[in-house]
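**Q** Dumping the structure here so I can ask a few things about it.
The values are calculated or read from the model by the stated rules, or taken from the named source; none is laboratory data. Keep in mind the model is a prediction, meaning the values are calculated, not measured. In this analysis, Cβ positions are derived from the backbone assuming ideal geometry, glycine residues included, and neighbour counts consider all displayed protein chains. Note: accessible area is taken over every heavy atom of the protein model, side chains too, but ligands, DNA and RNA are not part of it. Shrake-Rupley method; radii C 1.70, N 1.55, O 1.52, S 1.80 Å.
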Amino acid sequence: MGEDVGRYGGAFGVSLGLLDEFGPDRVRDTPLSESAFVGAGIGAAIAGMRPIVEIMTVNFSLLALDQILNNAATLLHMSGGQVAVPLVIRMTTGAGRQLAAQHSHSLEGWYAHIPGIRVLAPATVADARHMLAPALADPDPVVIFEHGSLYNASGSPEPDGAPADLDSAAVRRSGTAVSLITYGGSLGKVLEAAERLAADGIDAEVVDLRTLRPLDDDTVIGSVRRTHRAVVADEGWRTGGISAEIAARIAEQAFYDLDAPVERVCAAEVPVPYAHQLEEAALPQVAGILAAVRRAVG
Amino acid sequence: MPSLGADMTEGTLLEWLVRPGDRVDRGDIVAVVDTAKAAIEVECFETGTVEELLVQPGTVVPVGAPLAVIAAAAAEPEAGAPAGTPHARAGAHPAEHQAGPIATPLVRRLAEAGGVDLAAVHGTGPGGRITKADVQAAPHAPAGDGPSEGPAVPSPPQAESHGHPPTGPGTHPAEADGAGGRVRASPMARRIAAEAGLDLARVHGSGANGTVRAADVRAVLRAPAAPVPSTASAQEPAAPAPSPPTRAEAMRQAVGALMDRSKREIPHYYLSTTVDLAEATRWLRDRNRQLPVAERLVPAALMLKAAAVAAREVPQLNGWWTDGFTPAPAVHLGVAVALRGGGLIAPAIRDAADLPLPELMARLRDLVARARSGRLRSAETSDPSITVTSLGDQGVEAVFGVIYPPQVALVGLGKVVERPWAANGMLGVRPVVTATLSADHRASDGATGARFLSALDRLLQQPEEL
Amino acid sequence: MTARKRAHARRSADRAGGRAAHRQELLRDMVRIRRFEELCVELYSAGEIRGFVHLCIGEEAVSVGVLRALTQDDAVVTTYREHGHALARGIPAETVLAEMLGRITGCSRGRGGSMHLFDTGRRFYGGHGIVAGGLPVAAGLALADNLRDDGHLACCLFGDGAFAEGEFHETANLAALWELPLLLVCENNLYAMGTPLAREHAQIDLAARAASYGMVAWAVDGMDVLAVERATRRAAEIVREGHGPCFLELRTYRFRAHSMYDPDLYRDKAEVERWRHRDPITTLARRMHARPCARRWPPTTGSSSWARTSDATAAPSG
């Protein structure tokens, strides 16, 4: 359920055709009441349903943050293990479409701060397709962040492929010189940077985090132990963001394997501007990733 | 002083609404207290007669301190409970009252602050109780001798027992002096250089601002004409030494040397038995139910006590081996404590077999805390006569330990686990623990060790005797 | 007397006897809650219970009247002032008290404390600490009931403060729109913490505002347990008939401060005293021709003896 998921087919067309296929009981248009319909999803999940709630964009999710943080993430613990909330919340995240300051947030790092929920950020068509079923099977709340710029990506995931593993990061490209760590909408830029680096003889490894909570330390740290250098790229603001968390964990667990300071490529610390060139300048770009890698590799 | 909020630690008594001799009922408002937030009325939970007001208006007292004495209706004055503290706590420490002068905590605190010996004060209050006025009238301790001189100078922390080099200014590696400042090197480069015994000052840094990177160190180590041997081997003690060991490394070395000696010199034999803890667990639960949280006993204390008593019963295991066995005059029970950041230390609880359980428990808590903060007294580290190690909280079921020389035995305790257990022809689920003994075959034989373990088992079946 | 007349007389005597027994139960439940909370005060003062503790002394008619009118299959979502609701729902007093003492034997295994009592076996989905935060969850429980068409309802209790929150209005609209079996019970004790009703609401007729969402809504004397029980039964019937949510405004009053650390400076002592004359316990007892009513009726008994047994009650002898 969610705003315009039924008759409209979803603001980004994600649920197009589902109303006809499953009917109005299972595909429900809601009023513009984020708190009420996310909370209703929580209540229905408590009562044994397996609801998927769509919040149109991450910025609107702030209106439902009380429900997500104080109820979905908290009830199991606070009730001494009695109240499980098997809820899936999907929402659009990210910038890059000239939607200006109120529709361009990347707040998945905030959500990854909250114990009690699982936070997913699919970056590939296959993950977008196959993360949903295991998320629904999870007995606890799962929040899926879909980057708006990826909705037009195409691919041919196996229709009945195996459910995605929700615990592990994925090495999307193996390399030896530096670990590029990213997720979601930044993966494409990072892979492009890796190809350009290869042309210069720098063999970069690309790690796609996939799950932002709980973080897969083993894959990230293992990669850094092999390459001894790390560059983290994400669209969130630098201060207190998920990239800060990754850098801290590397410092905690792989300090003596580091041959250069950890580099971060993040969004500029301003509200995301509207004008195309300003927006480009505010977000991580391939050139910035290349510069960071060159600093690290020296 | 009642607790009037989670953040309240003390309050100021503003006003009494009752006087001595007044009758009060449960639910009456008896006083007004100023907290950080507002003036709040204090409700009374007893019915009786106000006997004495212990706190004057304007005084700040901590939460939990008695404000007044209320004599319960139709009861002895002594049975009265302080207002604001229900359940007649006054009866909780009768032994203390009989043993020493009768005084409220407030009066005790005043006496302590003023250097007054309460034993020398004549109490004018009911039942000979010492009042605030008595303390104020009492002669104070001679000036210059008491706390009025200001806070006592804390004694310097004891040196660590395991021979750590003192870590202080002036003992840092010479690298600081090397090239007119600290060498700029990545953590990895530092690690590789240290492993190879290579002085970083000799490496040319190729990174930004001359930072030494791993590749620079490797290049020096690979170079055939390198002035430094590729491994800083033992035959060349004059080679630039790696930086002095850190605390953790020094501790590691000390533990390593001791254990090495143990395994070289002591012919160990090992025994193991599984002990049914159903009775002990039940007894502990019943006992703890009556105790405030802070005074509750943990199963570990019970098992330590049992081990100490068993060691007293089997003296061949309690002592030291130096050119022959010397039995110890008492059981000084070593307790292996894992230190945060690595390392191990096994200080002693002295005379453990003679300590009542609560005392043993308090000593254990104190010892562990001090061991972890490096504040052990030398006697505690010098003469344990037998040591107990427990890896139970690490989830281990049995531990076969290495004896601390010159001791001759080490008791290992595992995790308390529930297991199917046959007793009297019936199968049930019982909490059990695996107790092991590592003993020195020079000092005792297996039969002696077996006696120890069976004594331990027997003692734990009669926890009330401990 | 004919046989028919005798049968009639017996039936009305049975009815009268049954009614008396029922009222005794209501009285017993209310006294039990009051005694429990008095014990809480004592334990809080002694430092045994910590954190925020919100008492419902004075509001017992709401707890008992509402919860008694629901079935065991109905779901209950409530606020942080929920000791009375939990006890009236049948959660054993020991586990509620153990919870407040932070023990593993508590009804939320010591994780929740006073504000977060849970017992899913009794479909008691918790005390919620965020004002109005439980309302959307209750709507979701009702949605599940609706989809299953199982005839159960979800009952959400909340205060007059919650009525000012967006979450109340979002939930009221959603529930009315989807015709959810949701019973909204506003426990209006006239103060949102320290702010009186008239200083937080432009229109203080809460029932009238709720009715604007297209649901049946009315106000009830929340100090009269019989009226509360009757109104709740009626509202539950309406909800079960499938016409969507129903709203009750129960006008009540807490005799004690908002929480244990509230100096209660914002209320006139005379106001509190006036409301004490409408004490729900005394009111019912008087109506039952029970023994003469003291101001604190029934006489205080030792709280420790009460704490020892779960079913200990102070049932009236009259």
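**Q** Work out from phi, with θ = phi - 60° and the Karplus expression 6.51 cos²θ - 1.76 cosθ + 1.60, the ³J(HN,Hα) of each residue of the range B:353-362, listed in order in whole Hz, and give x for Gly and Pro.
**A** Each residue of the range B:353-362 in turn: 5, 9, 7, x, 3, x, 5, 4, 4, 5 Hz.
**Q** Kindly write out, for the range C:6-20 in residue order, the coupling ³J(HN,Hα) from the Karplus curve 6.51 cos²θ - 1.76 cosθ + 1.60 (θ = phi - 60°), rounded to whole Hz, with x marking Gly and Pro.
**A** Once θ is set to phi - 60°, the couplings for the range C:6-20 become 4, 4, 5, 4, 5, 4, 5, 5, 4, 4, 5, x, x, 5, 4 Hz.
**Q** Then there's this: Considering only protein heavy atoms, what per residue accessible area in square angstrom results for chain A with a 1.4 angstrom probe?
**A** Spelled out: the 1.4 Å probe surface of chain A, per residue, equals 41 Å².
**Q** Still on this structure, please answer the following. Among A:Pro24, A:Phe37, A:Met78, flag the residue with its Cα farthest along the positive direction of the charge dipole of the range A:18-150, charges on Cβ as +1 for Lys/Arg and -1 for Asp/Glu.
**A** Checking the options against the dipole of the range A:18-150, the answer is A:Met78.
**Q** A further question follows. Taking Cα atoms, how many degrees apart are the long axis of helix A:187-199 and the longest axis of chain A, rounded to 10 and kept between 0 and 90?
**A** 20
**Q** Pairs of alpha-carbon atoms within less than 8 angstrom and 6+ residues apart define the contacts here; what relative contact order does chain C have, in percent? Don't jump to the answer; show the numbers that get you there.
**A** Details: 580 pairs, mean separation 67.0, N = 318.
Relative contact order of chain C: 21 percent.
**Q** Based on the alpha carbon coordinates of the protein assembly as shown, what radius of gyration and maximum Cα-Cα distance (Dmax) apply, in Å?
**A** In order Rg, Dmax, the Cα atoms of the protein assembly as shown give 36.3, 130 Å.
**Q** Something else about it: For the range A:18-150, calculate the relative contact order in percent as a whole number, restricting contacts to Cα pairs under 8 Å that are 6 or more residues apart. Provide the component values of the computation, followed by the final result.
**A** Values: 211 pairs, mean separation 34.0, N = 133.
Relative contact order for the range A:18-150 comes out at 26 percent.
**Q** Non-local amide H neighbours of A:Glu146 (under 5 Å, H modeled in plane, Pro and chain starts lacking H): which ones?
**A** Under 5 Å from the amide H of A:Glu146 lie the amide H atoms of A:Met91, A:Thr92, A:Thr93, each far enough along the sequence or on another chain.
**Q** Now a separate question. In the full protein assembly as shown, how much of C:Met193 is accessible to a 1.4 Å probe, in Å² to the nearest 10?
**A** So the heavy atoms of C:Met193 present about 120 Å² to solvent.
**Q** For labels at B:Ala38 and B:Ala208 in the simple 7 Å Cα→Cβ model, what's the distance in nm?
**A** The answer from the label model is 5.7 nm.
**Q** Around A:Arg172, with a cut-off of 13 angstrom between Cβ atoms, what is the net charge of the other residues, counting Lys and Arg +1 and Asp and Glu -1?
**A** Numbers: positive: A:Arg173, A:Lys189, A:Arg210; negative: A:Asp127, A:Glu192, A:Glu195, A:Glu205, A:Asp208.
Residues close to A:Arg172 contribute a combined charge of -2.
**Q** When DSSP beta bridges are limited to those with both residues in the protein assembly as shown, what percentage is antiparallel, rounded to the nearest 5?
**A** Counting only bridges with both partners in the protein assembly as shown, antiparallel ones make up about 50 percent.
**Q** What number in nm² do you get for the range A:170-297 if you take the convex hull of its Cα atoms and divide its surface by four?
**A** That works out to 7.3 nm², a quarter of the Cα hull's surface.
**Q** Loop only by DSSP, 15 or fewer other Cβ within 10 Å of the Cβ. Give me the chymotrypsin sites (Phe, Trp or Tyr not before Pro) in the range A:249-295 that pass, ordered by residue number.
**A** Details: sites: A:Phe255, A:Tyr256, A:Tyr274; in loops: A:Tyr274.
For chymotrypsin sites (Phe, Trp or Tyr not before Pro) across the range A:249-295 that sit outside H, G, I, E and B with at most 15 neighbouring Cβ atoms in 10 Å, the list reads A:Tyr274.
**Q** What Kirkwood radius, in Å to one decimal, follows from the Cα pairs of the range C:1-158?
**A** Evaluated over the range C:1-158, this radius sits at 17.1 Å.
**Q** Let me ask something additional. How would C:Leu182, B:Leu339 rank on accessible area, largest to smallest, probe 1.4 Å?
**A** Accessible-area ranking of C:Leu182, B:Leu339, largest first: B:Leu339, C:Leu182.
**Q** Roughly how many Å is it from the Cα centre of the range C:174-205 to that of the range A:1-56, as a whole number?
**A** Comparing the Cα centres of the range C:174-205 and the range A:1-56, I get a distance of 27 Å.
**Q** Which three lengths, in whole Å and largest first, does chain A cover when its Cα atoms are put on their principal axes?
**A** 59, 45, 38
**Q** Here's a follow-up. Report, to the nearest whole %, how much of the accessible area of chain A belongs to carbon and sulfur atoms, 1.4 Å probe, protein only.
**A** Here it works out to 55 percent.
**Q** When all alpha-carbon pairs of chain C are counted, what percent fall beyond 24 Å?
**A** Of the Cα pairs, 53 percent sit more than 24 Å apart.
**Q** Let me ask something else. Just reorder B:Asp457, C:Asp73 by solvent-accessible area, largest first, 1.4 Å probe, all chains present.
**A** Sorted descending by solvent-accessible area, the residues read C:Asp73, B:Asp457.
**Q** About its Cα centre, how strong a charge dipole does the range B:257-409 have in debye, to the nearest 20, once Lys and Arg get +1 and Asp and Glu get -1 at the Cβ?
**A** 500
**Q** Which value, in Å², gives the accessible area per residue of the range B:271-425 when a 1.4 Å probe is used on the protein heavy atoms? Show your work: numbers first, answer last.
**A** Numbers: 7140 Å² over 155 residues.
For the range B:271-425, the solvent-accessible area averages 46 Å² per residue.
**Q** Mind checking the angle between helix A:286-297 and chain A's longest principal axis? C-alpha axes, 0 to 90 degrees, to the nearest 10.
**A** The angle comes out near 50 degrees.
**Q** OK, next. How big is the accessible area of A:Met1 in square angstrom, nearest 10, if you roll a 1.4 angstrom probe over the protein chains?
**A** 30
**Q** Is there a quick way to get the dipole size of the protein assembly as shown? I mean about its Cα centre, with the Cβ of Lys and Arg at +1 and of Asp and Glu at -1; what is the value in debye to the nearest 20?
**A** 1840
**Q** Sticking with this one: I'd like to know which of B:Ser272, C:Ala20, C:Ala154 lies farthest towards the positive end of the charge dipole of the protein assembly as shown, counting +1 on Cβ of Lys and Arg and -1 on Cβ of Asp and Glu.
**A** My answer, from the dipole projection, is C:Ala20.
**Q** Then there is this: When only Cα pairs under 8 Å and 6 or more residues apart are kept, what is the percent relative contact order across the range C:9-85?
**A** Working: 35 pairs, mean separation 26.0, N = 77.
Relative contact order, the range C:9-85: 34 percent.
**Q** On a 0 to 90° scale, report how tilted helix A:242-254 is relative to the longest principal axis of chain A, with both axes built from alpha carbons and the result rounded to the nearest 10.
**A** Taking Cα atoms only, the helix is inclined about 50 degrees.
**Q** What's the percent breakdown of Cα-Cα distances in the range A:18-150 across 10 Å bins, shortest bin first?
**A** Going from the shortest bin to the longest, the percentages are 12, 43, 36, 8, 0.
**Q** What does the C-alpha gyration tensor say about the overall shape of the range A:122-190? Classify as rounded when a/c is under 1.5, otherwise prolate if a/b is larger than b/c, or oblate.
**A** Working: a/c = 1.69, a/b = 1.45, b/c = 1.17.
Here the range A:122-190 falls in the prolate category.
**Q** Given +1 on the Cβ of Lys and Arg, -1 on the Cβ of Asp and Glu, and no further charges, what dipole in debye does the range A:170-297 carry about its Cα centre, rounded to the nearest 20?
**A** Using Cβ point charges on Lys, Arg, Asp and Glu, the range A:170-297 gives about 100 debye.
**Q** Mind listing the phi-derived Karplus ³J(HN,Hα) values for the range A:203-220, rounded to whole Hz, using 6.51, -1.76 and 1.60 with θ = phi - 60°, and x for any glycine or proline?
**A** My calculation for the range A:203-220 gives 9, 9, 9, 10, 10, 9, 5, 6, 10, 8, 8, x, 6, 8, 4, 4, 5, 5 Hz in order.
**Q** Choose one of C:Thr78, A:Ile289, B:Val60: the residue whose Cα lies farthest towards the positive end of the charge dipole of the protein assembly as shown (beta-carbon charges +1 Lys, Arg; -1 Asp, Glu; about the Cα centre).
**A** C:Thr78
**Q** Sorted by accessible area with a 1.4 angstrom probe, largest first, how do B:Leu54, A:Leu65 fall?
**A** A:Leu65, B:Leu54
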